[in-house]
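Novice: Can you keep this structure in mind? I'll have questions shortly.
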Amino acid sequence: MKKNDSNIKKAIKYLNNNECIGIPTETVYGLAGNAYSDKAVSRVYKLKRRPRNNPLIAHYYSINSLKKDCEIDNTFIKLYKKFCPGPISFVLKLKKKSRVSKIITNNSNSVAVRFPSHSLTRKLLKKINYPLAAPSANISAGISPVSKQDVVDEFGPKLKFILDGGPSKIGLESTIINLIGKPHILRLGGINSKLIYKIINQLENKNKKKIKIKVPGTSKLHYSPGIPVRLNAKKNYQNEAYILIKKRKKLDKNYFYISKTNNLKQAAKNLYKTLRIIKKKGYKKIAIENIPNINIGEAINDRILRASKK
Ligand code: AMP
Ligand code: MG
């Protein structure tokens, strides 16, 4: 406990100096900097080699800290009460007097915000008086990190401090929902999309127009292990790593289980970790068996489909 407190103190010191640090969240680890500081967020882009036109999500402690920066409505409040803190990000309109760095919004008048539930990061957010801009803590377009070691593997000594919060519980990035205009999901993620639409449909005026915005993180090649990925594979070929979700009778050194019991939550948690292990072992190809397209299986399929694009 004491160790956590002293680590949080250290984290704050770095952040107050406009440095970026690694932080744990329930989805994946983030590369965090003061979202009000152009200097800090520029460092995040540089270290991650993220294209400047790809905006960052701002992480807040609570709705109270958010109100100064963003416009909110009833739909937001309802979704916030139901799912936050948790794995959901909202695209909202910025207030004119917002202090959020224009760099993380790609100079637009909207911003994506989230309230992570990881207890260490919540403690940290409570103690600082600015939100944290935090994309996933990996080099742009690669696999998101789900442990402190993954973040070390990404940045080495270039990243001076990582707050260690153990393995990420969910293991996939947040669901992103655009609440400007007619609400709609931009990226599938940690929360079942049906649950979200159920709430939206109860509250929203059906005539609202859908406002299209670009989400670079949903571009074709993303979440990529850097080697070919074959989907819906019924068997594996020679020298191909085979990711499975159900236990097979046969033993094969090329089998990698993300679950043995068709458990989708467990599969989501293990997916990125397993992709990293396969890469480290030097495989040149990956096959993945069919993943049921229900609940968080939708988000798993979304990520592996992008990972499979060349
Ligand atoms: P990452 O932080 O790496 O999980 O990626 C965050 C995702 O959120 C990226 O796909 C961004 O394009 C998307 N995003 C962040 N801010 C905004 C925004 N203001 N509008 C739309 N998408 C956003
Ligand atoms: Mg990312």
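Read-outs: derived from the displayed coordinates by stated rules, not from any lab. If you're wondering where the values come from, they're calculated on a predicted model, not measured in any experiment. Reconstructed Cβ throughout: ideal geometry from the backbone, glycine too, with neighbour counts over all protein chains shown.
Novice: Mean residue ellipticity at 222 nm from the helices of the chain, using -39,500 (n - 2.57) per DSSP H segment of n ≥ 4 over the full residue count, to the nearest 500 deg cm²/dmol?
Specialist: Rounded to the nearest 500, the figure is -9500 deg cm²/dmol.
Novice: Let me ask something else about it. Of Gly166, Gly33, Gly297, which has the largest mean-square fluctuation in a 10 Å C-alpha GNM of the chain?
Specialist: Most flexible of the set in this elastic network: Gly166.
Novice: Say we join alpha carbon atoms closer than 10 Å with springs in a Gaussian network model of the chain; which of Asn74, Asn34, Asn18 then has the biggest fluctuation?
Specialist: Largest GNM mean-square fluctuation: Asn74.
Novice: For the range 228-310, go through all pairs of different Cα atoms, get the mean of 1/r, take its inverse, and jot down that Kirkwood value in Å.
Specialist: That comes to 12.7 Å for the range 228-310.
Novice: Same structure, new question: Helix 297-308 versus the longest principal axis of the chain: what is the Cα-based angle in degrees, 0 to 90, to the nearest 10?
Specialist: Tilt of helix 297-308: around 80 degrees.
Novice: Nearest 10 degrees, 0 to 90: what angle lies between the long axis of helix 2-16 and the longest principal axis of the chain (Cα atoms)?
Specialist: 60 degrees
Novice: Comparing Tyr283, Tyr272, Tyr223, which has the greatest mean-square fluctuation in the GNM of the chain with Cα pairs linked when under 10 Å apart?
Specialist: Its mean-square fluctuation being the largest, the pick is Tyr283.
Novice: Ok, one more. If you average the alpha carbon positions of the range 244-310 and of the range 45-103, how far apart do those two centres end up, in angstrom?
Specialist: Here the two parts' Cα centres lie 31 Å apart.
Novice: I would also like to ask the following. If you fit an axis through the alpha-carbon atoms of helix 264-280 and take the longest principal axis of the Cα set of the chain, what angle between them do you get, 0 to 90°, nearest 10?
Specialist: Computed tilt is about 70 degrees.
Novice: Between Lys46 and Leu203, how many nm apart are label points set 7 Å from Cα along the C-beta direction?
Specialist: 4.0 nm
Novice: Fewest first, what order do Ser140, Ser89 take by the number of other Cβ atoms within 10 Å?
Specialist: Least to most surrounded, the residues fall as Ser140, Ser89.
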